[in-house]
Amino acid sequence: MLENLSALAIVPKAKAIAARRLSHGDYLELMRKRSVIEVTAALQSHPYFKDSLKGLSQTNLHRAQIEEALSKDVYYKYESLMRYSFRKGKFGAYFLMRSEINELLAKLRLLSMGFRHHYIIQVPGFLMPKTSFSLLRLAKAESAQDCLAVVAGTPYAKVLAGVLPAAGQKLDYLKCEHAFQSYFYTTVLAQIDRDLSGRSAADTKRLFRMEAEIYNLDLLFRAKAFFSPQLTPEDLKKLLIPVYGVLSAKNMNALADTRGLDEFLKLYNAGRAGQVYGARSADPADASEVSETRALYRAAQKLLHFSSTPQTVLAALLCLANLERSNIINVIEGVRYGLSPEQISAFLKY
Amino acid sequence: MGMVKMKHINIYGPEQDPQQTLEVLAKLACFHPDKDAERINAAAGAAENLYAPLLASTLGLIKDVGGDPALQEYRGRFFEYGAVKDEVEALSAQVAERGKRQAEISAKLATYAQTKTQLYHLTGLHTSVDEIFACKYLKVRFGRIPKDSYLKLPYYDDHSFTFSEYDFDGEYYWGMYFVPESHAKEVDDIFASLYFERMWVPDFVHGTPQDALAQIMTQESELQAEQKELDNMSDIAAPADIERLREYASWLNYEMQIFDMRKYVITLEHTYYISGYVPESDVERLKQGLLMVHGVKACEDDEADAVDGAPDRQPPVKLKNNWFARPFEMFITMYGLPGYGDLDPTGFVAVTYALLFGIMFGDVGQGVLLGLIAYFVMWKKMHMELGRVVARCSVFSVIFGFLYGSVFGYEHVLDPMFHALGFAEKPLEVLAPEGINNILIASVVAGVLIIVSAIVTGIISNLRKHIIAKTIFSVNGVSGLVFYVSLIALLLPMLGMELPFVGSVPYLILCIAVPFFLMYFAEPLSALCAGEKPEGSVGDILLNGFFEMFDTVLSFASNTMSFLRVGGFVLVHAGMMTVVFTLANMTGGVFYVLIVAVGNVFVMALEALFVGIQVLRLEFYEIFSRFFDANGVPFAPLRISLDPAADKAE
């Protein structure tokens, strides 16, 4: 996809986009706002967002609208960079693949909870013309089988078919999530190996491995903290994405094998995970996963700054854009619930 | 050159009301009051000045009725406070009433504007809104839906509603949906979940959207016409009324300021007392003026004239300079006034500023043009004090322009004149390679002379104030002068000047080492001379001295080198004109003339600005820092101001 010379334009363009991101001072300003509308107005006047948020109404605003607008912003940035690549598909397609998988999982999650008609509310309208299957049909699906019919002809059909429950049985959402996340990461990593080599491949893969690893660690933490008797170590190992970063499979399995949260934390903090991602604690007020994501942020920032490979820069920018989206949503929630800037800062990933 | 001699005057009055006395003092405008009474009266609590709020209301009223709120000179006519207050309040009420109606019209016009915006999006609908709203079993909702949500509408195909869009503005689809009354709530919820923003069509909208638009535009014109009528205030206040209001304002301003002056008056049981400073030349005028007030006495107070009184009781400073130096007082005031009795640096600044400006902006033609613009445009027309400064500087520009032989950038147009005078060539060829070094060296030499003059000025000033220790030991005193001049003398061999004594061991000891150590230990030595014990331990004194001397040597060097910019700007000026002529020579005919003219104007404007700023920087930083303590209090006599707010800000 990105072998042609025009793809090299992605690097300066991506760095130019990244240069306009929210600064620490911008975040502080946002955290001092007193209402969601003030935050939105501030974002609308910021050069990084002015195109994607301009449609938001100042007087009649819902939080979900802002979240969708922020997702749209990330997508617009992706689209603006993909303009420089004439060959669609291959590495750059990972972004759409992730978006499609996220939508599919959202529908399956709602179905597993018994909500058959709620998905339409959260369908991102801007994605509807872009996906390889119809999001409207997905919204109308009333069972996992219906979902399978919707994704027929796409690679997701095979993945979904593998996790469909037998007749009369409940849909296991965790199994679905594991299947699709594993598919995503193994597909992307394989694509990177085909498209890149050497240092560039290693750098780009490191980012995705880190993401997968954070997912696994978070899964283990939550399982140990809240679902310890129900989910056994064997169950947990089956739910781990088979992609490893700083921790080897052995270390990850060792964490899965721990009995209870205390033992998990002891092993986590004493080992490589604690060194790389920072210590975690059992305190419910401690947003421990934030420190892991901060490590991801720093890694992406470093890659964006130092790399000159279009694929790597693209992946780094989109990773940072998604983290920024998450930060802004945290700020909006914090402002909405009247938290102080210090309290909100604890949740920000930068 | 210097400052006006002041006399301290005490004024006593027999009763408790100092009104007449204050009016006389304000009229004479030569009495600067002491601040002691202000502090005492502030502690006791000041009476409320009733004139101030009424003045503010009157000025506001004048502005509202279309008059000029600028205060005019008070002509002495007295008005009765109560009557003025009643009249102003009555007129203000009428204006407020009119303002209320104007606000109503504005709000209505805003509503019309908003409705029009919405109706423009519905012009695709060719049905009367009355018919639509008359439907008994169908509910209709007008509004807009985001484009992302619009894409989701097909999901609800099996629900009982129809959405028709009439316009798309890039982000929203404008339209309406019909729904049976029985399903209205469900469908309203669906559209709410799709972020549909409902538009409420006002009751006054009838017919099709096009008809409604036409109606609204007609009503809009009527309201705008009414608004225009209401803007005309002549039925509330005729020109004669406005003139009367302006007289009230000037009287109120007068009374307000006289009342305010009471803060300087100390009132006792049967007398009042006010003291302050008067220029010596105005003392008799003051005494004559106060004769008009019954029982008031004014006497001079010799003790308070002493310059070495308490710091906050220093006489105020009013600069007095000759015709040439007077405009340069604005630079001194900008920096800060010298203390009473100190040396007034205005004359020094006038000469150095004009000279340096002339050196850096040396061109006969440009100097003449600059002088004409400065005098006739900046001073005569625009009343800018800077115009007088620049006009004086331009004289020196012309003089140095002759020295450089430059007229509007033409470097050789004066050659016949020099030949006629017996010179082989013009005195100074600026851009000649062999001359560039000389120009730069001359700049540094000029800088050294100016710095030495500044230090000598500081020495004289300290001697006048009898500050002997500082005069001898300070960096800007005798020690500093000897040290600096001796260091400079060591560099003379580089210029080919050999002096026998310079560089010898006795020279190094007497002229470098001794002053160095005197400056190093200036503070403890000054303390010892005053009969006091030096502060700090030996270590502290040595350490402080080290850093002080490091800073001293560095500042001597940097201050001296700073004058290189003088030579630099001489070269820049010539260089810029060279560029202008290079460009002009590439063309010909009319374009040549045009380029030369525009180039001259451009260089003049740019160079005049830069040179003016650079010379001011040299004055403030390199020169003033050597001798000028700007701790003077400006002379601010009691007087009636026509812009009290601006005077207060100053």
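Determine the distance separating the Cα centre of region B:97-148 from the Cα centre of region A:223-300; give it in Å without decimals.
Comparing the Cα centres of region B:97-148 and region A:223-300, I get a distance of 58 Å.
Which of rounded, prolate or oblate describes region A:6-84 when judged by the alpha-carbon gyration tensor and an a/c cut-off of 1.5?
oblate
If Lys and Arg each add +1 and Asp and Glu each add -1, what is the summed charge of the other residues whose beta carbon sits under 13 Å from the beta carbon of B:Y173?
Local net charge: -3.
Grab the Cα-Cα distance for B:Y81 and B:M382, subtract it from 0.36 nm times how many residues apart they are, and report the gain in nm with one decimal.
That works out to 104.5 nm of additional length.
Determine the sum of side-chain charges near B:E87: Lys and Arg each +1, Asp and Glu each -1, restricted to other residues whose C-beta is under 12 angstrom from that of B:E87.
That works out to -3.
So what's the back-of-envelope 222 nm ellipticity for chain B, counting only DSSP H runs of four-plus at -39500 (n - 2.57) apiece and dividing by all residues, rounded to 500?
The helix-only estimate for chain B comes to -17500 deg cm²/dmol at 222 nm.
Rounded to the nearest 0.05, what FRET efficiency is calculated for B:I541 and B:E284 with R0 set to 60 Å and r the Cβ-Cβ distance?
For B:I541 and B:E284, the calculated efficiency is 0.65.
Within a 10 angstrom radius of each residue's Cβ in B:181-193, how many Cβ atoms of other chains show up on average? Whole number is fine.
1
So which DSSP H runs in chain B come out at 15 Å plus along the axis (Cα) with average Kyte-Doolittle of at least 1.6?
Long hydrophobic helices here: B:346-360, B:478-490, B:590-617.
Sketch the reach of a paramagnetic label on A:S340 as a point 7 Å from Cα along Cα-to-Cβ, and name the residues of region A:26-68 whose backbone nitrogen lies under 11 Å away.
Of the residues in region A:26-68, none has backbone N under 11 Å from the label point off A:S340.
State, as an integer percentage, the relative contact order of chain A based on alpha-carbon contacts under 8 Å between residues 6 or more apart.
It rounds to 21 percent for chain A.
Is there a pair in B:K85/B:K318; B:K7/B:K381; A:K33/A:K349; B:K7/B:K85 whose C-alpha atoms are over 30 Å apart, and which pairs would that be?
Among B:K85/B:K318; B:K7/B:K381; A:K33/A:K349; B:K7/B:K85, the Cα-Cα distance tops 30 Å for B:K85/B:K318; B:K7/B:K381; B:K7/B:K85.
Can you give me the distance in nm between label points at A:L28 and B:T123, each placed 7 Å from the Cα along the Cα-to-Cβ direction?
5.0
Where the centre of each part is set by its Cα atoms, how far does region A:333-350 sit from region B:546-617, in angstrom?
55
Evaluate peptide A:120-127: per residue, the Cβ atoms of other protein chains within 10 Å of its Cβ; return the mean as an integer.
Mean shielding count: 4.
State which entries of B:K27/B:K465; A:K13/A:K54; A:K77/A:K130; B:K263/B:K297; A:K54/A:K130 exceed 24 angstrom in Cα-Cα distance in the structure shown.
Cα-Cα > 24 Å for B:K27/B:K465; rest within.
Shielding of B:148-155 by partners, i.e. mean partner chain Cβ atoms within 10 Å per residue?
Across B:148-155, the average partner-chain Cβ count within 10 Å equals 6.
Around B:F31, which amide H atoms from residues at least 5 apart in sequence, or from another chain, sit under 5 Å from its own amide H, with H modelled in the peptide plane?
B:L638
Amide H neighbours of B:F168 under 5 Å, counting only residues 5+ apart in sequence or on other chains, H built in-plane at 1.01 Å?
B:W174
Under 5 Å between amide H atoms, partner at least 5 residues away or on a different chain: which partners does B:M199 have, H built in plane at 1.01 Å?
Hits under the 5 Å cutoff: B:F142, B:G143, B:R144.
Using the alpha-carbon centroid of each, what span in Å lies between region B:1-65 and region B:400-476?
49
Which links in A:K224/A:K266; B:K108/B:K147; A:K15/A:K90; A:K107/B:K152 stretch past 20 Å when you go from one Cα to the other?
B:K108/B:K147; A:K15/A:K90
7 Å from Cα along Cα→Cβ at both A:A190 and B:L421: what's the point-to-point distance in nm?
9.5
Where does the charge balance sit around B:V430 when Lys and Arg score +1, Asp and Glu -1, over other residues with C-beta under 11 Å from its C-beta?
Neighbour charge sum, excluding B:V430 itself: -2.
Can you give the relative contact order of chain B as a percent, counting alpha carbon pairs under 8 Å and 6+ residues apart?
It comes to 21 percent, rounded to a whole number.
Can you tell me the order of B:496-506, A:193-203 when each peptide is scored by its average per-residue count of other Cβ atoms within 10 angstrom, highest first?
A:193-203, B:496-506
Measuring from label point to label point, each 7 Å out along Cα→Cβ, what is the A:S248 to B:Q215 span in nm?
So the label points at A:S248 and B:Q215 sit 8.3 nm apart.
For a test of the definition: using alpha carbon positions, the gyration tensor, and the 1.5 limit on a/c, classify region B:115-213 as rounded, prolate or oblate.
Verdict is oblate for region B:115-213.
Apply 1/(1 + (r/R0)^6) to the Cβ-Cβ distance of B:I512 and A:R83, taking R0 = 56 Å, and write down the FRET efficiency to the nearest 0.05.
The formula returns an efficiency of 0.15 here.
Between A:I121 and A:A167, what length in nm is gained on full extension when 0.36 nm per residue of separation is reduced by their alpha carbon distance?
My answer for the length gained is 13.7 nm.
Which of the helices in chain A meet the span-like rule: DSSP H, Cα axial reach of 18 Å or more, Kyte-Doolittle mean at least 0.5?
The answer, listed by residue number, is A:310-336.
For a label point 7 angstrom out from the Cα of B:R244 toward its Cβ, which stretches of region B:51-70 have the backbone nitrogen within less than 17 Å?
Hits in region B:51-70 for B:R244 at 17 Å: B:58-59, B:61-63, B:65-68.
Among A:121-128, A:174-181, how do they line up from the highest to the lowest mean number of other beta-carbon atoms within 10 Å?
A:174-181, A:121-128
R0 = 41 Å: FRET efficiency of B:K297 with B:A530, Cβ-based, nearest 0.05?
Plugging the Cβ-Cβ distance into 1/(1 + (r/R0)^6) gives 0.45.
Just so you know, all these numbers are worked out from the coordinates, no wet-lab data involved. Remember, predicted model here, so these are calculated numbers, not experimental data. Quick reminder, even Gly has a Cβ in these numbers, built from the backbone with ideal geometry, and neighbours come from all protein chains shown.
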